[in-house]
Structures are given as structure tokens and as C-alpha cells.
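A short worksheet on the structure shown next.
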Amino acid sequence: MIPAPFTYQRAGSVDEALSLAAEGGDDAKFLAGGHSLLPLMKLRLAVPDVLVDIGRLSELSYVREDNGHIAVGALTTHHDVANSGLLGGELPLLAHAAGQVGDPQIRHRGTIGGSLVHSDPAGDLPAVILVLDATLVAQGPAGRREIPAGEFFEGLFETALEPGELLTEIRIPRPAQAGWSFQKFTKRAIDWAIVGAAVQGDQVALVHMGSTPLRATAVEQALAGGAAPADAAAHAAEGTSPPEDINADREYREHLARVLVARGLAEARSRA
Amino acid sequence: MTVNGTTVDAEVPDRTLLVHFLRDVAGLTATNVGCDTTSCGACTVLLDGQSVKSCTVLAAQADGHQVTTVEGLANGDGEMHPVQRAFHAEHGLQCGFCTPGMVMATVSLLAENPRPTEEQVRTGLEGNLCRCTGYHNIVRAVLAAADGGEGQ
């Protein structure tokens, strides 16, 4: 399988990437690691006319402290996120979850930014970014803007990015509560999560329980009201609209959400 | 790009995948196309020393970089790489189709973690499927290569 024909262009800077994308118009796409986009292109589910390769913009690959936040460059690979000493110390949830994405080969190529802009509700990192109250920094023809994670994921494969806008950085505040857990249920390592749960303190987000990653609002409210974790977890499926597919029907996903959130809250508390 | 230490220069269509470049342009056919969907790992090669699935990398993305295939592991005298020797000694293969990818994934794994536990070997190779299900001897071979202290 090979992708449909397209024109490959390589950007040497962020500015050049933006202008190449603008010239390419609606059918231009940015190519980072390519581990979400190229498989879609091989299946002809994505048929861009122009690929703007941003994979060599090493200035977008970093993890650093910045003004009280942790800033992660959008082109940082899952491997580098997973092995970052700074993230391991400050945001172990993110480092751990990045180490669970796909398999080692995928983590060597796939990037955090690529995984977020792909906006697959079955992806691991969107839920992690959501539970950590991150801010996504985008650059586009109209300049730079910041988008809260809660407003970034708009639907299956849809984000708040405008055409021609490039995600450049993810900014994450230090969590108020230290305990964390990442729970993912899959059949094989390389499969998307059938359901997953990301927990940071009393904040909980769900993987693959709707068309976007979701905060488990009912669980968070129960915890805020003083409920025990096991009782709060019983609310995990409230307000969700899980998809049905070959792996799971709606009821089974709801069950998994309750079980995984209960496990996640218990593990997070054991680490607090 | 540089493949196994040799410069390979060619004009190819933009949509050419690295695995096809290696097989059809560079003439290095040991790297197999297995599932073609980033799942099975049969097409694993090293890109700047790190394992990647070459069915999911454009040749253009590897332009100017260092690629190593299983043909590039043996030294100039034809002496096999320690990981190859370990796969041979431990019979870490059955039909052999996954073997080039398994060997390359192992070289990358041992470069990052020279002394893995058995569990680390199993998770470290989770991106590679053996259709014969011959995993036990493969894991044994990786542990032997690591024990030999020559896994680099």
C-alpha cells in the first residue's frame, strides 16, 4: 500500500512551514513523525495534495521549565517525552503515558503534537493533556494563540486549529495534587485503547468514551463532594457517549470506564 | 541517504516509502514488507540508530539520514553481529520472515537498555509480531545477546 500522489515539501523553519501550508491551501497537511497521518494516507482516508514536512524543525523538540509551566515542544517524540527526566519528576503521568503509546518503533517517530492534532478519541495523550489542564500554543497566518485543552478537541479527527495553523507547544501547569495513574485496556500493545482513564489527583479524563477525550465530570464532582474513590468511580460513564465497534459495545465500554477509573483513583491515591 | 554506510542517491516519487526505497532502489531485500500497517515490525530498520517501521516512513523523510538494515550489521569480514549470532545460537526463528525486523528491533533495544530483564525484552519487542509464535526462543536470543555483553 502506498499513499495517493502528493507533493512533498520540506520546511526549514516555522515561518516557512506556515507559508508552504498557506500556498498549499485546504489540501495541505503538516507531516511530523507521520505515524498518524501516513497510515491514514495509505488507506486513502486522508488524501492531501501537499505534505509540508516539519519533521526537521528541531527547535520544536524540547522539554523545559518556562515561567512556572512545563513546556513541551510539539515535535518531541513519544520516546523523548517518556525518557525526559524533567517530565519524569514533574509530570510522571505524561511521561508514563507517552511510554505506553504504540510500541518502541512508533515512539521513536511519533510526536506529542502529531498525536494531539490527530484528535483520535482513542488516543492516549489527548486525555492526558485534558486531565492536566494543558494549554496548546498554535502559530498561524494570524499569529500566535493559546487554546485550552478543554476547547481543543472538537470531534473525531477535528480540533480547534484553523487551516494552516501549526501546533507548536504544549504548556502544562504543575499539578496541584501529586497522585496520578494511567489505565489503558487493549488487546495488543499496538492497539488503540478500547477504553482508558487518566487520573491526576482528583481530576479524571477518559479515553475512547465519546467522539473526543472527556473529563469524567460526574466522578470529579462526587470526589469534590467527599465520596470515596470507589463510589465516585461508579459515576464514570455518566455523560459519555461511547462508540460501538468490533471490540466493545456501549455497555461494555461503560463497564470498563467504571473499572478503570476505580483502579486509577486507587493507584493515584497510593502515589499521593 | 546513507544506507549501511554507503550513500544511496536516487530521484523517487514523493510518495515512495522507505521500505520500498530500500528494497527496490537500494536493492536490499532483507527488510520484509509484512502487514504494511505499522503493526507487525517485519520492516523494522534503524534510522539514525533508532528502530523504526520503514513502511510508515517516507523515503524523503530519511533523506540525508543514516539507515541501517540487517544487511549492514555484519562487519566487513562477513562476521555476524552479536545479535545475529545469538539468534542463530538460540534458534530465535522459525520461518524467518519476522527475523530481520526482530534483529533490528533487538539492536535498538539493547542500545537503549544493554541489560534488559526478560519482561523488558518482551515489552521492548512488543512492536514485532512472529507469525510462527516463536517468541520464547526469540526472547532467549535477546537475553543471550545481552549476556554476551556484545549487544551494541
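The values are calculated or read from the model by the stated rules, or taken from the named source; none is laboratory data. These numbers were taken from a predicted model, which means no experiment stands behind them. Here Cβ is always computed from backbone atoms with ideal geometry, including for glycine, and neighbour counts include all displayed protein chains.
Quick look at the values:
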| read-out | value |
| --- | --- |
| Residue among A:ARG64, A:ARG56, A:ARG44 that is of a type in the set (Lys, Arg) and in contact with a helix residue (DSSP H, G or I) (Cβ under 8 Å, 6 or more places away or on another chain) | A:ARG64 |
| Residues of the range A:15-49 classified as among the acidic types (Asp, Glu) and either in contact (Cβ under 8 Å) with a residue 40 or more places away in the chain or within 11 Å of another protein chain (Cβ to nearest Cβ) (or both), total | 2 |
| Single match in A:GLY12, A:GLY68, A:GLY55 (criterion: within 14 Å of another protein chain (Cβ to nearest Cβ) and either surrounded by 14 or more Cβ atoms within 10 Å (Cβ to Cβ) or at pLDDT below 95 (or both)) | A:GLY55 |
| Unmet criterion (only one of (1) touching a residue at least 12 places away in the same chain (Cβ under 8 Å); (2) over 21 Å from A:LEU93 (Cα atoms); (3) touching a helix residue (DSSP H, G or I) at 6+ places or on another chain (Cβ under 7 Å)) for A:GLU244 | (1) |
| Some residue of the range A:129-142 being assigned to a loop (DSSP other than H, G, I, E, B) and within 28 Å of A:GLY24 (Cα to Cα) | yes |
| Hits in the range B:47-68 - residues which are surrounded by fewer than 24 Cβ atoms within 10 Å (Cβ to Cβ) and closer than 17 Å to B:LEU110 by Cα | B:LEU47, B:ASP48, B:GLY49, B:GLN50, B:THR68 |
| Any chance B:MET102 is touching a Cys at 6+ places or on another chain (Cβ under 9 Å) and among the aliphatic types (A, V, I, L, M) | yes |
| Conditions (1) surrounded by fewer than 20 Cβ atoms within 10 Å (Cβ to Cβ); (2) within 23 Å of the chain's Cα centre (by Cα): number failed by A:ILE2 | (2) |
| Matching residues in the range A:8-55 - criterion: being assigned to a helix (DSSP H, G or I), closer than 20 Å to A:THR111 by Cα and touching a strand residue (DSSP E or B) at 6+ places or on another chain (Cβ under 8 Å) | A:VAL14, A:ALA17, A:LEU18, A:ALA21, A:LEU37, A:LEU38 |
| Residue selected from the range B:1-35 under the condition away from chain A (no Cβ under 12 Å) and assigned to a strand (DSSP E or B), by the criterion surrounded by the most Cβ atoms within 10 Å (Cβ to Cβ) | B:VAL3 |
| Some residue of the range A:92-111 being within 11 Å of the chain's Cα centre (by Cα), closer than 28 Å to B:VAL103 by Cα and more than 14 Å from chain B (Cβ to nearest Cβ) | yes |
| Answer residue from the range B:69-88, given it is of a type in the set (A, V, I, L, M) and free of Cβ contacts under 8 Å to residues at least 60 places away in the same chain and is surrounded by the most Cβ atoms within 10 Å (Cβ to Cβ) among those | B:VAL70 |
| Which listed residue, of A:GLY201, A:GLY196, A:GLY150, A:GLY226, is more than 26 Å from A:VAL137 (Cβ to Cβ) and not polar (S, T, N, Q) | A:GLY226 |
| Cβ-Cβ under 6 Å pairs, at least 6 apart or on other chains, the range B:37-66 side closer than 14 Å to B:LEU22 by Cβ and within 9 Å of chain A (Cβ to nearest Cβ), far side assigned to a loop (DSSP other than H, G, I, E, B) and among the hydroxyl-bearing types (Ser, Thr, Tyr) | B:LYS53/B:THR38; B:THR56/B:THR38 |
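For every residue, the table says whether it meets (1) surrounded by 18 or more Cβ atoms within 10 Å (Cβ to Cβ); (2) over 20 Å from the mean Cα position of the chain (by Cα); (3) free of Cβ contacts under 8 Å to residues at least 40 places away in the same chain.
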residue	(1), (2), (3)
A:ALA205	yes, no, no
A:THR217	no, no, yes
A:ALA228	no, yes, yes
A:THR240	yes, no, yes
A:ALA257	yes, no, no
A:LEU265	yes, yes, no
